[in-house]
Every structure is written in C-alpha cells, then in structure tokens.
Amino acid sequence: MDWKKEIKSWGIMLSVVAFLYFTGLLPVIVGGMQSVLLSTGLIKPKIEIPDLTDQQFDYRGKFLTFDGKQIDLESYRGKTVFINLWASWCGPCRAEMPHISELYKSVQNEPDLEFLMIGIDNDIKKSQGFIEGKNWAFPAVHASYGLNQSLQSESIPTTLVVNPAGKIVFYQEGMSNFNTDEFRDFLVNQSK
C-alpha cells in the first residue's frame, strides 16, 4: 500500500468536507441528497394510528409568522391539522419540505384541513432566511414563544396530525415523503 497516496486521498476528502462545513453548504447538499432519496418512494410514512386515545392535543400556544403576525394555536381547534417541526440546519427537514409542499398544494382547498410548519431555530431570522426564496406553498411560522407539551419531541423533523376532535392520530419522528396517495387520503378522511 502506498501511504503517501492514501494520506493525500484522505486529505483531499477532509478538505472538501471542511470547505462544505465552513461555508454552510454541507446541510444543503445533504438535504438535497436526502430529498432525492425521498423521491424514490423508499421512505414513506407508516399510517398507523398511535395509541394516544387518552391524550388530547394541547391547543395552548402562540407562534409568529415571518411577517410578524401572531398565530394562536387555539384557532386550529375543530380542524384536522398537519403539524411539522423543522429547523434550518436540519438536513432531513430540508429533504422532506418539497414533498410536504406538494402535498399541501394537493389538499389546500379541503375544508377544515390546515397545515402548520413550525420552525424551531433559536433565532427567527434563521428560520425566515431558510424559508424565503423557496417556492414552497405551505404556511410556516416560528416557535418564538416555545412549544407546548403536545409538541415536544426528541428529534426533528417531527410530524403529527391532529383530528377535529383534538386527538393525535399520527405521530412520526424523522423524515418521510408525505406526498403519497395513501397519506393524502388519510388526511382528507380525518376531516370527514
């Protein structure tokens, strides 16, 4: 084995990774690769109603839109709500957002079905900067006032669906391609 070639190869790879990391391009590239993976259809949501029948969703909480308006979580009571927790630095979040946007476009005219994409970056400007300039159609807000107990999660992205009765009928930590016929039907049927 030629150690000089081996060291040179590792040096080049580490230099590329360091460059991508320090320029902030690493999450963009990783997110793009994960989005391609989601597009293959290999990772889909498992539509199994979790056994949370004794737990009601907590509608206490407020969020800020990126133009400074306050959104009260209570205003979503009585509707089916698709909620996604994300952050600008999260590669898997970046990967699933185009698919969530396409899902939103296909169901946005459904009565009593709402989407709430909640950015949890420490700084609202980071979340806003990430969303601006994208052609994503869904409504996005920032968790400027924190998250209630129902929205606490061990990891992001985290997605949940709350039915009109206030029950959590879907909960998933991790990325997925939600833009499937099966998941779309599941969402629409929650509102009926």
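Would you list Tyr76, Tyr145 from the most to the least accessible area, probe 1.4 Å? It would help to have the intermediate numbers written out before the result.
On the way: Tyr76 25, Tyr145 125 Å².
Reading off the accessible areas and sorting them downward yields Tyr145, Tyr76.
Taking every DSSP beta bridge that has both residues in the chain, what percent is antiparallel when rounded to the nearest 5?
Values: 16 of 26 bridges.
Here the share of antiparallel DSSP bridges comes out near 60 percent.
What are the extents of the Cα atoms of the chain along their three principal axes, in Å, largest first?
67, 36, 31
Using the Kyte-Doolittle scale, which helices in the chain average at least 0.5 and also have C-alpha atoms spread 24 Å or more along the helix axis, with helices defined as whole DSSP H runs?
Values: long enough: 3-23 (30 Å, 0.63); 91-107 (25 Å, -0.38).
The qualifying helices are 3-23.
Once you have the Cα-Cα distance between Trp3 and Leu20, take 0.36 nm times their residue separation minus that, and quote the gain in nm to one decimal. Display every interim value, and only then the final one.
Numbers: separation 17, 0.36 × 17 = 6.12 nm, distance 2.58 nm.
So the extension gain works out to 3.5 nm.
Which aspartates and glutamates does Lys125 reach when only Cα atoms under 13 Å apart count, and residues fewer than 8 places away in its own chain are ignored?
Candidates past the 8-residue exclusion: Asp67.
Going from most exposed to least, what order do Thr23, Thr158, Thr65 have by accessible area with a 1.4 Å probe? Numbers along the way, then the final one.
Working: Thr23 70, Thr158 0, Thr65 25 Å².
Heavy-atom accessible area, descending, gives Thr23, Thr65, Thr158.
Could you identify which residue out of Lys134, Lys125, Lys105 has the top mean-square fluctuation in a GNM of the chain using Cα springs shorter than 10 Å?
Largest GNM mean-square fluctuation: Lys134.
With every protein chain in place, what's the accessible area of Glu173 (1.4 Å probe, Å², nearest 10)?
Only protein atoms counted, so the area is about 80 Å².
Got a number for the accessible area of Arg94? Probe 1.4 Å, square angstrom, nearest 10.
Approximately 50 Å² of Arg94 is accessible to the 1.4 Å probe.
Determine the alpha carbon to alpha carbon distance for each of Lys62/Lys134; Lys62/Lys105; Lys126/Lys192; Lys69/Lys192; Lys62/Lys167 and list only those over 28 Å.
Details: Lys62/Lys134 24 Å; Lys62/Lys105 25 Å; Lys126/Lys192 37 Å; Lys69/Lys192 30 Å; Lys62/Lys167 19 Å.
The pairs that break the limit, which is 28 Å between Cα atoms, are Lys126/Lys192; Lys69/Lys192.
Within the accessible area of the chain, what % is carbon and sulfur when the probe is 1.4 Å and the other protein chains stay in place? Walk me through the numbers before you get to the answer.
On the way: 5950 of 10840 Å².
Percent of accessible area from carbon and sulfur atoms in the chain: 55.
What does the helix-only formula give at 222 nm for the chain: each DSSP H stretch with n ≥ 4 adding -39500 (n - 2.57), the total divided by the residues, and the result rounded to the nearest 500 deg cm²/dmol? Before the final figure, lay out the partial values.
Details: 5 runs with 70 residues, N = 192.
-12000 deg cm²/dmol, from helical runs alone.
Taking a 1.4 Å probe, which of Ile12, Ile100 shows the most accessible area, and what order do the others take after it?
Working: Ile12 95, Ile100 0 Å².
Ranked from most to least accessible, the order is Ile12, Ile100.
The values are calculated or read from the model by the stated rules, or taken from the named source; none is laboratory data. Remember, it's a predicted structure, so these values are computed and weren't measured experimentally. Just the protein is used for accessible areas: all its heavy atoms, side chains included, with ligands, DNA and RNA removed. Shrake-Rupley method; radii C 1.70, N 1.55, O 1.52, S 1.80 Å.
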